[in-house]
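Reviewing the structure listed below.
The values are calculated or read from the model by the stated rules, or taken from the named source; none is laboratory data. What you see is a predicted model, and the numbers here were worked out from it, not measured in a lab. Note that we place each Cβ from the backbone using ideal geometry, even for glycine, and neighbour counts take in every protein chain shown.
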Amino acid sequence: MTADLSQEIRQLLLGSAVNVAIAILTMGVALGAFVLQSLRRRSKERTLFWFGVFAFSYGLRVLLQTGVMQYLVERSTLGFAIRLITFTIGMPAVMFAWGLVSDRLSLAPKILLVINAVMAITSVGFYSNGKIQNALDLLNSALVIGFTLAYLIYIFLPRCRNISGIKALRVIFLVFGLFVLYTNLVGALSQKRVDVEFIGFFVFICSLGYLTAARSFRNEEQLATLRKELDIARRIQSSILPERMPQLSGLRLAAKYLPMSEVAGDFYEFLIVDERRVGILIADVSGHGVPAALVASMVKVAIASQSAHASDPALVMAGLNATLHGNLQGQFVTAAYVFFDLELMTGCYSAAGHPPLLRYSPTTKLSESITENGLVLGVFPTAAYSSCSFQVLPGDRFLLYTDGVLEASRNNEEFGEARLLDYFTKAGTAEQICESVTAAIHNWAGGIAGDDITVVAMQFDLSQP
């Protein structure tokens, strides 16, 4: 290597030292963002990922624009790489910036993404056409200025005041916006300018990287707290359901409970009068999640207070309605209650806006839907309820269920009562009925629950000891 060549390389390194250092540090920050995002794989938030892509692309472009890289890489290849980054960097920038203020892409950022993609394809396809490249440069500057101004205006709107870290976000983008406007306006209007955008960007990256990481982990902590609270709620809700099936001579009971989410609004309970008489309740609270689970807990308390007239389903429904009315905050409850007397071999049934009780008799090979519905619970203070009575034959099977069973959907077609009856009549014991029905619903809906699912099966077997 000659002395002149060594001196030239030394001068290039000295002249590009700041740019190279900032480029490497910026890409290092981007890699740190990727690492942090990988630690949060369970999270659906991708703000850190897009921040990393944006920062790495910008740092790489700064590095490629240094004198050292112009010396080491063939000029046409270097120019192509720089332009490719210039016209694609807008896409992660839009995804990142919008992700800071919203969890859903609206029409405006979608349009910007399409424009960026078209510009990138055009720049690559017409790379050798100077006029098109100059036009694209002007359009890109206009887009950057327009997006920066629009974003600054947006984050200062009152609707954004509740966004986490919005005050810091406003200051950071305001300072960076000044750098962007200076670079693009002066670059478009004059060839003589001091290139300071990369300095502003590095400050921007460090500030925004810290803000994004802090907010992401704060959100993660909040989610962890929420998961813990939901787990506690799930365990509490599980505790309000019967721990085991009542053991009555001549009647076998089984139940299957499949909540749509961590906590749900379906509920079932048994009112045992004595070893020969029992009442069975099933209820479905409107809505899902914690609010529905809280109301289900209220139903638990309300049904316990109805034990004095457990043998009269109409009175049980009326009592539940009176207890729940005025306490549901706009929600309502559907319910069904059936009472069996094993001495007399009779049943009595009443419901409140609930799917009918299903019955199948192996003796007669007949199935039927028993309907005796009143108004839903908790809405109308003076709602009246009636009940119907029927004889029970040896071997008879009965099924109570929530509407999630009937409404399980595949290709917009519901599971429906006809299919339910088919699986109900073909199964044998109460346990087999519950397993068969819930498995059929799971297969029908492809494992995607559209609602909470609960079934309670009853099988009369006089040979049972």
Might you let me know whether region 89-97 holds any residue that is at pLDDT below 85, surrounded by fewer than 16 Cβ atoms within 10 Å (Cβ to Cβ) and within 23 Å of V53 (Cβ to Cβ)?
no
Only one of these conditions is not met by C348: (1) within 28 Å of I441 (Cβ to Cβ); (2) surrounded by 14 or more Cβ atoms within 10 Å (Cβ to Cβ). Which number is it?
(1)
Filter region 243-262 down to the residues that are part of a loop (DSSP other than H, G, I, E, B) and at pLDDT 85 or above, then identify the one that is surrounded by the most Cβ atoms within 10 Å (Cβ to Cβ).
G250
Answer with yes or no whether V285 is crowded, with 18+ Cβ neighbours inside 10 Å and either within 16 Å of G374 (Cβ to Cβ) or touching a Ser or Thr at 6+ places or on another chain (Cβ under 6 Å) (or both).
no
Kindly evaluate V62 against the criterion of being aliphatic (A, V, I, L, M), more than 24 Å from L169 (Cβ to Cβ) and either touching a Pro at 6+ places or on another chain (Cβ under 8 Å) or in a helix (DSSP H, G or I) (or both).
no
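Please verify whether R83 is among the charged types (D, E, K, R), closer than 18 Å to G125 by Cα and either surrounded by 18 or more Cβ atoms within 10 Å (Cβ to Cβ) or in contact (Cβ under 8 Å) with a residue 60 or more places away in the chain (or both), treating the condition exactly as stated.
Values: among the charged types (D, E, K, R): yes; closer than 18 Å to G125 by Cα: yes; either surrounded by 18 or more Cβ atoms within 10 Å (Cβ to Cβ) or in contact (Cβ under 8 Å) with a residue 60 or more places away in the chain (or both): yes.
In short, yes.
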From the set of residues in region 297-324 that are under 38 Å from the mean Cα position of the chain (by Cα) and of a type in the set (G, A, S), which is farthest from I280 (Cα to Cα)?
A322
Filtering region 126-179 down to residues that are charged (D, E, K, R) and in a loop (DSSP other than H, G, I, E, B) yields R161
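Per-residue answers, yes or no, for (1) in contact (Cβ under 8 Å) with a residue 40 or more places away in the chain; (2) under 28 Å from Q432 (Cβ atoms):
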residue	(1), (2)
M260	yes, yes
E269	no, yes
R276	yes, yes
S286	yes, no
P291	yes, no
S297	yes, no
Does S76 satisfy being of a type in the set (S, T, Y), in a helix (DSSP H, G or I), modelled with pLDDT of 80 or more and out of contact with any strand residue (DSSP E or B) (no Cβ under 8 Å at 6 or more places or on another chain)?
yes
Matching residues, region 408-459, being crowded, with 16+ Cβ neighbours inside 10 Å, in a loop (DSSP other than H, G, I, E, B) and among the aliphatic types (A, V, I, L, M):
A408, A427, A445, A449
Flagged in region 263-279 as surrounded by 17 or more Cβ atoms within 10 Å (Cβ to Cβ), more than 23 Å from L406 (Cβ to Cβ) and either at pLDDT below 90 or of a type in the set (S, T, Y) (or both), in numbering order, are none
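So which residues in region 407-423 are among the hydrophobic types (A, V, I, L, M, F, W, C) and over 24 Å from the mean Cα position of the chain (by Cα)? Walk me through it before giving the result.
Pass one, region 407-423, residues among the hydrophobic types (A, V, I, L, M, F, W, C): 408, 415, 418, 420-421.
The answer is F415, A418, L420, L421.
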Mind checking which pairs have a first residue in region 247-258 that is touching a residue at least 40 places away in the same chain (Cβ under 8 Å) and assigned by TED's automatic domain parsing to the domain that holds V455 and a second that is among the polar types (S, T, N, Q) and in a strand (DSSP E or B), Cβ under 6 Å, 6 or more apart or different chains?
R252/Q459; Y257/T454
